[in-house]
Every structure is written in C-alpha cells, then in structure tokens.
Amino acid sequence: MHRHASTRDRVYARLRQEILSSKLPPGAPLVAAHLAGAVKASRTPVREALLRLVNEGLVLETPAGLVVKELTEEEILELYQVRIPLEAATARLAAMHMTPWHLAQIEAFHDKLANEAQRREPDGAWIAALNLDFHRAICEAARNRLLQEFMSRIYDVMGRFTRTAFRRRPRVLEVIEEHARLVAALAARDPDQAEAIARAHMQQALDSRIGLYREQRRTGGPRPGR
C-alpha cells in the first residue's frame, strides 16, 4: 500500500508540474495508457493521479476523454481579482520589510529581464520565467509566510502561460518600464508608491492578457500568454 501511494504521489507531482509548466499544454489529450510509459508507472496510479488533477481543475473530462484544461476568460478574470490586490499588498510589505539582499535579488532579476528584452530575438519563454522570478523575489522580500503561500498558488497558475508569454515586443518593453518604476519605489522604501505601481502594473497585465485572449479566440490562434 505504501509503495502504491508513493508511486501515485510521484506520478501526480510530475503530471501536475508538466501541466503548470505548459509542457502539457491546454487541450493536450491525457491517455493513461500513453502516460504510463512516459512516467514509468502502471495505469492505476496514473488514473488516480489524473482523477486528482480533475478535482483540482487542471484536467477536464470531455466526451473524447481527458484533456488539459484551458483557462476561460472568466477564470482569468477571477485569477486577477485575487492577484491584483495581493501583488499590491506584497509590494507594500516588501518596501517596508525587505533587506538589502532582497533588493539586490529583485534588481538582478529586473536587469536580466531588461537585457534579454533588448536582444534582436528575445526568448519569450525565458522572459516569462524571469518575470515570475522577479515577482517571487518581491513576495519573498515582503517576509510574510501566509502571503507567500497564497502567492505560490497564484504563480503556479501563472506558470501555465509561459509557452505563449511575451510574444509581443511592445508589451515586453512596457513591462520592463513598469518593473523599473516598481524597483525604484522599493529602493526608495516608499510603500504607498510601491503599492500603487504594483496595482497599476497588474491591471495592465490583466488588460493585455484579456485582449490577447479575445483576439486569439476570434482568430483561432494559440491560447493566451502574458
């Protein structure tokens, strides 16, 4: 029993990570017989892991079988209804409680983002990953464990956008400018300014994402990224 539970948990963790990282993208079919070979497990723990992912809302049951669930516009809006105020609170707390080491980490991620954005052909997936690292660094600087737990769940969902994120250079450059203003407010230890900038930054991110989502629904293109 213990060995079966261990296998089931291992399979669940791997499939969950592959969904959150978009290695298994939205709409990808999930057939237990095929997945069993990939994860080196029997079909039973694979089916149990898939059922758990269905219950979590990451996998969808369709007439044709199980597939990786795509976020709907309503779910994106719900995500940002929570993310916007929490990112604003995170920035405020970071400005109040961060150490010099935290600030150095935040600035380092910002510099990496800015340098990559200036390349002739920037790597959109890497920029998306750096962007999440930048926001995670701010969250760590806030030094509030409960907030970190909440934001970790949000960043898991955000990770599902990495494969199509930052495909539009104008938006990438806007993000770099918004981050620069946020870093300046944090460096100045100005919680009011940091909170206001973070809130505006997240609102802009939502507007950009929803606009891209609606455009891609009209054209039938890839589902939205950042």
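Please treat every number below as a calculation from the coordinates, not as lab data. Because the structure is predicted, anything quoted here is derived from the model rather than measured. Positions of Cβ are backbone-derived with ideal geometry, glycine not excepted, and every protein chain shown enters the neighbour counts.
Stokes-Einstein diffusion for the range 60-187 at 4 °C, viscosity 1.567 mPa s, with a Kirkwood radius from C-alpha pairs, works out to 82 µm²/s. The phi torsions of the range 97-110, fed into the Karplus equation with coefficients 6.51, -1.76 and 1.60 and a -60° offset, translate into couplings of 10, 5, 9, x, 5, 4, 4, 4, 5, 4, 5, 5, 5, 4 Hz, rounded to whole numbers, with Gly and Pro shown as x. Dividing the summed helix terms, -39500 (n - 2.57) for each DSSP H run of n ≥ 4, by the number of residues in the chain produces a 222 nm estimate of -25000 deg cm²/dmol to the nearest 500.
Determine the relative contact order of the range 73-219: mean sequence separation of Cα pairs under 8 Å and six or more apart, normalised by residue count, in whole percent.
Values: 148 pairs, mean separation 60.4, N = 147.
Computed value for the range 73-219: 41 percent relative contact order.
Relative to the compact-globule estimate of 2.2 N^0.38 Å, the Cα radius of gyration of the chain comes out at 1.11. In the range 115-133, whose amide N lies under 16 Å from the spot 7 Å out along Cα-to-Cβ of SER152? List them in ranges. Once the point is set 7 Å along Cα→Cβ of SER152, 133 turn out to lie under 16 Å by backbone N, inside the range 115-133.
Ordering 39-46, 60-67 by mean Cβ neighbour count within 10 Å, with the highest value first, yields 39-46, 60-67.
Rg and Dmax, both from the Cα atoms of the range 2-68 and both in Å, are 10.9, 34.
Length, then width, then depth: along the principal axes, the Cα atoms of the range 62-135 run 54, 35, 17 Å.
Near ALA89: Cβ cut-off under 10 Å, other residues only, Lys/Arg at +1 and Asp/Glu at -1. The net charge is 0.
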